Amino acid sequence: MAVSIKSSREINLMREAGRILAVTHEELEKIIKPGISTLEINKAGEDIIRGFGCIPSFLNYNGYPASICLSVNDEVVHGIPSPDKILKEGDIVSIDAGVIYKGYHSDAARTIPVGEISEDTRQLIEVTKQSFFEGIKYAKEGCYLYDISAAINDYVDNFGYGVVRDLVGHGIGSSMHEDPQIPNFRQRRRGLKLQAGMTLAIEPMINAGRCDVEWLDDDWTVVTEDGSLSAHYENTVLITDGEPEILSILRN
Ligand code: MF3
Ligand code: CO
């Protein structure tokens with residue numbers, strides 16, 4: 001398993017890819033409201049990304065037919081935008097997007113409420129987000145990759161939610177998916193020793209119910225087997241010798 005260490009030039013390009021993606025997410029969050037279709041969100045996202053002179057990395061990736069993955073309620077990831085998918089009050093929508101800037105990738109996802117949502121659903125979104133932050137406490141030089149996995153898993157277990165096991169995070173750089181794979185569940189080993197200059201997309205996918213998922217007939221959309229809601233939170237992260245730098249969140 002070859003895990004690349006990015007040069008400072010590459011890191012700077014990834015910072016810009018991350019910043020553009022963070023802005024894209026902030027803009028998309030603002031338009032999420034009852035009545036909008038997932039195809040409209042996809043169009044807005046593609047326009048924002050292209051407006052920065054970037055390429056939406058998901059478009060045509062392994063044949064994926066859109067720029068943004070939009071996954072509603074029990075859809076875990078990789079939902080395909082459609083004019084017939086109209087968001088309604090109380091839904092949740094996971095927005096997953098990727099950007100290529102001068103050959104370098106960023107990848108990030110957030111789950112957003114549509115209007116007012118229940119307290120239970122709000123907790124699912126918050127726990128999913130917090131599990132990422134629990135995980136990245138170990139995203140630093142000298143720690144081990146699966147310390148991140150274990151920290152995510154342990155935090156989520158406190159709430160009785162299901163950690164999706166069939167999909168994982170990944171290294172990222174001049175390709176969207178690089179080594180290593182990053183599971184969100186506890187491993188028997190501690191795995192790879194982390195080094196400054198590694199760039200990782202860490203992305204817990206958490207189900208309100210059981211962890212099991214299945215694929216719809218479109219061969220893309222992943223849904224929970226038990227029909228429970230699912231949330232997703234992802235950022236592109238730079239390993240340093242100190243605190244990790246989260247490339248896909250805006251810093252003031
Ligand atoms: N963020 C996802 C990932 O890390 C989305 C890629 S799926 C795509 O794998 F096909 F739509 F690109
Ligand atoms: Co990803």
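Read the figures in this text as sums done on the coordinates, not as results from a lab. Since the model is a prediction, treat every value here as computed from it, not as a measurement. Backbone-built Cβ (ideal geometry, glycine too); neighbour counts: all protein chains shown.
Placing unit charges on C-beta atoms (Lys and Arg positive, Asp and Glu negative, everything else neutral), compute the dipole magnitude of segment 113-183 about its Cα centre in debye, rounded to 20.
On the way: 5 positive and 12 negative charges, 23 e Å.
Here segment 113-183 has a charge dipole of around 100 debye.
Residue by residue through segment 88-95, what is 3J(HN,Hα) from phi via Karplus (6.51 cos²θ - 1.76 cosθ + 1.60, θ = phi - 60°)? Round to whole Hz and write x for glycine and proline.
Working through the residues one at a time gives 10, 3, x, 6, 10, 10, 8, 10 Hz.
Please work out whether segment 89-211 counts as rounded, prolate or oblate from its C-alpha gyration tensor, where a ≥ b ≥ c are the square roots of the eigenvalues and a/c under 1.5 means rounded, while otherwise a/b larger than b/c means prolate and anything else oblate?
Because a/c hits 1.5 or more and a/b fails to exceed b/c, segment 89-211 counts as oblate.
Is any helix in the chain, taking whole DSSP H runs, at least 18 angstrom long along its axis by alpha carbon and on average at least 0.0 on the Kyte-Doolittle scale, and which ones? Could the numbers behind the result be given before it?
On the way: long enough: 8-31 (35 Å, -0.37); 38-51 (19 Å, -0.34); 119-135 (24 Å, -0.82); 145-157 (19 Å, 0.25).
Helices meeting the span and hydropathy rule in the chain are 145-157.
I'd like the distance between the alpha-carbon centres of segment 2-60 and segment 101-178, rounded to an integer number of Å.
The two parts, judged by their Cα centres, are 18 Å apart.
Determine the calculated [θ] at 222 nm for the chain from helices alone, applying -39500 (n - 2.57) to every DSSP H run no shorter than 4 residues and normalising by the residue count; nearest 500 deg cm²/dmol.
-9000 deg cm²/dmol
Reachable aspartates and glutamates from Lys193, Cα under 12 Å, same-chain residues fewer than 8 places away excluded?
Glu141, Asp147
Which aspartates and glutamates have a Cα less than 14 Å from the Cα of Lys33, not counting those fewer than 8 places away in the same chain?
Glu89, Asp91, Glu116
Could you tell me which residue out of Thr128, Thr240, Pro34 lies farthest along the dipole of the chain toward its positive end? Charges go on the beta carbon: Lys and Arg +1, Asp and Glu -1, centred on the Cα centre.
Thr240
Work out from phi, with θ = phi - 60° and the Karplus expression 6.51 cos²θ - 1.76 cosθ + 1.60, the ³J(HN,Hα) of each residue of segment 60-69, listed in order in whole Hz, and give x for Gly and Pro.
Ordered by residue, 3J(HN,Hα) equals 6, 5, 6, x, 4, x, 8, 8, 10, 8 Hz.
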